[in-house]
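Quick notes on the structure that follows.
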Amino acid sequence: MRNQPHAIKLALLGTLSKGGFHSGEELGASLGVSRAAISKHIKGIQEWGVDVHRVQGKGYQLAQPMQLLDENTLKHTIDTKFALVPVIESTNQYILDNSSELESGFVCLAEYQSKGRGRRGRQWISPFGSNLYLSMYWQLDAGMAAAMGLSLVVGVALAESLEQLGVPGVKLKWPNDLYHDDKKLAGILVEMSGQAGAAANLVIGVGLNLSMAETVDGISQPWTSLSNITAKPVDRNQLAALLVKTLNTTLQDYESFGMGEFVARWNRLDNYLGRKVKLLIGNKSVEGVARGIDKQGAVLLETEQGTQSFIGGEISLRNNE
Ligand code: BTN
């Protein structure tokens, strides 16, 4: 077991996630290491963003219950090939590094990302076991020109599946953030791993907050988690499988039918429809009222010069009320 990186920490988390207190002595004996080694590994687990308490005379306990992703359960519910890599730099990077050997639809899931990344070069803070981090590899025959539409369609599909699960008030912020109550609930990062002929090889990464701690350093925008929105406990394995299925069907639909009815579906969920917003484009900004998107996936703004459309990776939308 010790030859596998992080094996002891993962085994400790396996035990702690069952609940209750566990003494250093008990944990050490079951894993064949000293109490001092357990204490060192617990520090490592805390560095992964897990809140572990130690009470004199009782031992260690997780501050919050944790349900781990389970490979066996996922095998029964995920149709496509996947890799569950509990501790990783970034699931997007995993796909980028391995894309030459992967088939379209392959998924990588993780419990913790040490270098999770977001759009516009930002970091995606990814504490262990509390949220979902997954990436899907997709060979898009329509090529790069269709990638912008694809990223919007993924946002629509994820928001709709949360709605179907009974999560109220999930919205979209252009281009593809999931929002709730003006706070970010999930982010999507589409990256390209290369172009083979006309086709584009894409990585679609999704980070969905399930129970992010109240105070986390390093997040630059207001955020929320499913646990703040719905009292219903979320089964992480079921939700992960649902997201994978949703991504897969939506990407196939997009390849077959294009943006089609997705424009109206995106606009129904627009967090800013009819609201005053500001677009930051490099060091320029444009103010106006948000009017949804068009079938190219551009954001529409009603400005003093009339309705204008804006598209491109460097645009950022801000509330301007
Ligand atoms: C954003 O900035 O809104 C996009 C965030 C995307 C985060 C996800 S988490 C899984 C995948 N792996 C990464 O490194 N990033 C994406």
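Net charge dipole, the chain: roughly 800 debye, given to the nearest 20, about the Cα centre with Cβ charges of +1 for Lys and Arg and -1 for Asp and Glu. For region 216-269, the direction-averaged projected area of the alpha-carbon convex hull comes to 6.0 nm². Each residue of region 80-91 is assigned a 3J(HN,Hα), and the resulting list reads 8, 5, 8, 10, 9, 10, x, 10, 8, 6, 7, 5 Hz, derived from the Karplus form 6.51 cos²θ - 1.76 cosθ + 1.60 (θ = phi - 60°), x at Gly and Pro. To the nearest 10, the accessible area of residue 90 is 10 Å² with a 1.4 Å probe. What fraction, in whole percent, of alpha-carbon pairs in region 273-317 exceed 14 Å separation? The proportion of pairs with Cα distances above 14 Å equals 41 percent.
Distance from the alpha carbon centroid of region 55-82 to that of region 259-276 works out to 36 angstrom. Short-range pairs are left out: with C-alpha atoms under 8 Å and at least six residues apart, the relative contact order of region 273-317 is 34 percent. Within straight-line reach of residue 9, meaning a Cα separation under 25 Å, sit the following lysines at least 8 residues removed in sequence or on another chain: 18, 40, 43, 58, 75, 115. In this view, the solvent-accessible surface of residue 281, computed with a 1.4 Å probe and all protein chains in place, comes to about 60 Å². With R₀ fixed at 35 Å, the C-beta to C-beta distance from residue 255 to residue 320 puts the FRET efficiency at about 0.45. If you fit an axis through the alpha-carbon atoms of helix 147-164 and take the longest principal axis of the Cα set of the chain, what angle between them do you get, 0 to 90°, nearest 10? It is inclined by approximately 60 degrees. The length gained by stretching the chain between residue 120 and residue 23 to full extension, at 0.36 nm per residue less their Cα-Cα distance, is 30.5 nm. Roughly how many percent of the accessible protein surface of the chain is carbon and sulfur, given a 1.4 Å probe and a whole-percent answer? So the carbon and sulfur contribution to the accessible surface is 48 percent. Angle check, please: helix 35-47 long axis (alpha carbons) against the longest principal axis of the chain (alpha carbons), in degrees 0 to 90, nearest 10. Its long axis makes an angle of about 10 degrees.
Taking 33, 234, 154 as the candidate residues, the one with maximal mean-square fluctuation in a Gaussian network model of the chain, Cα springs under 10 Å, is 33. Legend: distances between Cα atoms for 171/276; 81/232; 173/278; pairs beyond 20 Å are 81/232.
Placing one equal scatterer on every Cα of region 4-62 and applying the Debye formula, the log10 ratio I(q)/I(0) at q = 0.26 Å⁻¹ is -1.18. Each residue was assigned an accessible area with a 1.4 Å probe, and for residue 124 the value is about 40 Å². Over the chain, accessible surface divided per residue gives 48 Å², non-protein components excluded, 1.4 Å probe. Convex hull volume of the Cα atoms of region 71-267, normalised per residue: 115 Å³.
To the nearest 0.05, what FRET efficiency results for residue 281 and residue 98 with a Förster distance of 45 Å applied to their C-beta separation? Using R0 = 45 Å, I get an efficiency of 0.80. The smallest convex shape that holds all Cα atoms of region 123-230, its convex hull, gives 105 Å³ per residue.
The values are calculated or read from the model by the stated rules, or taken from the named source; none is laboratory data. Keep in mind that this is a model prediction, so the values were computed, not measured. Heads up, the Cβs are rebuilt from the backbone with ideal geometry, glycines too, and the neighbour counts pull from every protein chain shown. Heavy atoms of the whole protein, side chains included, go into the accessibility calculation; ligands, DNA and RNA do not. Shrake-Rupley method; radii C 1.70, N 1.55, O 1.52, S 1.80 Å.
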